[in-house]
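Just so it is clear, none of the values below were taken in a lab; they were calculated from the coordinates. No experiment lies behind these values; they were computed from the predicted model shown. Glycine gets a Cβ as well: all are built from the backbone with ideal geometry, and neighbour counts include every protein chain shown.
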Amino acid sequence: MSRLSKHKKKKGKWWKIPLLLVALIIVAGGVYVYTVYSGAKNTVDKKMHEEVASIDHEVTNKKIKEQKPLNILLLGVDERSGDRGRSDALMVLSLDPENNRSQLVSIPRDTRTELVGDAPEAGRLDKINHAYAFGGTDMSINTVENLLDIQLDYYVRLNMEGLTEMVDAVGGITVNNKIDWYDEGYYKKGYHYQKGDIQLNGEKAIGYVRMRYKDPNGDFGRNERQRQVIKGIIDKGASIGSVNKIGNVMDVLGNNVTTNLDFNTMKDLMLNYRSAQQNMTTYQMTGSGTKINGVYYLQVSDQEIQEVHNKIKEYSS
């Protein structure tokens, strides 16, 4: 019996968390890629597509053809010049087309777990977001699969720095800001983010999503702002009529999004898995904050891990 099956299922709390990379799938596979921009296939297959050793693509291709449930790892990565960076957001998107439903589970980046993969750090107990820093996408996939005892079929990785270019590519966005504050952190530009509807260009948008310490809701507040920015990009992008602007958006996606979904698979998702978007639920893993040797971690109980495992398996069976 696995350690996951030894614990009783516990009622969790449902949160509205950002549909961060889900939005990128919709953008890449929908408005821009599939219906409007004729050069998208080359962008997706030549610039965005990247297979990984940790996923058996023959198995996943068979699932797509048979329209079976899928699990997709969504990675928001904080990449900098000369540095691979760490995963700033980790989510598992489960698509169940037969029952017209989908589920998005968010894994806190400070979750303490065993790192799994080929990197020298494999076997270490560490923050789950360090898996990407040490072993890239493959280690992130292996570590999430090991933590939750699930199988992942695809991944989508977004360079968070690309949000700046995306917002500018669509000509700026409008969001409804819930708290009044000045930016004195990420860019230190002194921007005033007034409460209410505000206009954001790319630079102001990245400051808007990065702020955390002035928000009484901490990471949850930042997640909500990320969701607002992504939704703003989609809403603005959907109204773009200029081929030139659409081309700019595709260029930005090509430079900032990596996935093992190729163009034809994206089309299949849009055609055959569209119904799964009709009913989406979200869940955020919870735990207890603690310090070990002076380092902050989120300790997630086996009971909570079992709860999340059960949720994902329910959508995958």
Report summary line: Going through K204/K236; K178/K236; K214/K291; K62/K267 one by one, the pairs whose alpha carbons sit over 18 Å apart turn out to be K178/K236; K214/K291
Report task. For K311, list the aspartates and glutamates whose Cα falls under 20 Å from its own Cα; do not include residues on the same chain fewer than 8 positions away. Result -> D96, E98, E145, D149, D153, D302
Query raised in the report: Exactly which trypsin sites (Lys or Arg not before Pro) in segment 130-227 are in a DSSP loop and have at most 10 other Cβ atoms within 10 Å?
Result: K188
Report summary line: Sorted on mean Cβ neighbours within 10 Å (highest first), peptides 290-297, 116-123, 145-152 come out as 145-152, 116-123, 290-297
Query raised in the report: Sorted by mean Cβ packing within 10 Å, highest first, what order do the peptides 89-100, 268-279 take?
Result: 89-100, 268-279
Query raised in the report: Straight-line reach from K47: which aspartates and glutamates have a Cα under 13 Å away, not including same-chain ones fewer than 8 places off?
Result: D251, D262
**Report entry** chymotrypsin sites (Phe, Trp or Tyr not before Pro) restricted to segment 165-215 and DSSP loop, no more than 11 other C-beta within 10 Å
**Finding:** Y213
Report summary line: Note, segment 122-131: 3J(HN,Hα) by Karplus (6.51, -1.76, 1.60, θ = phi - 60°), whole Hz, Gly/Pro = x, goes 4, x, 6, 8, 7, 5, 5, 6, 6, 4
Query raised in the report: Under a plain spin-label model, where a point goes 7 Å from the Cα along Cα-to-Cβ, how far apart in nm are K46 and H192?
Result: 4.8
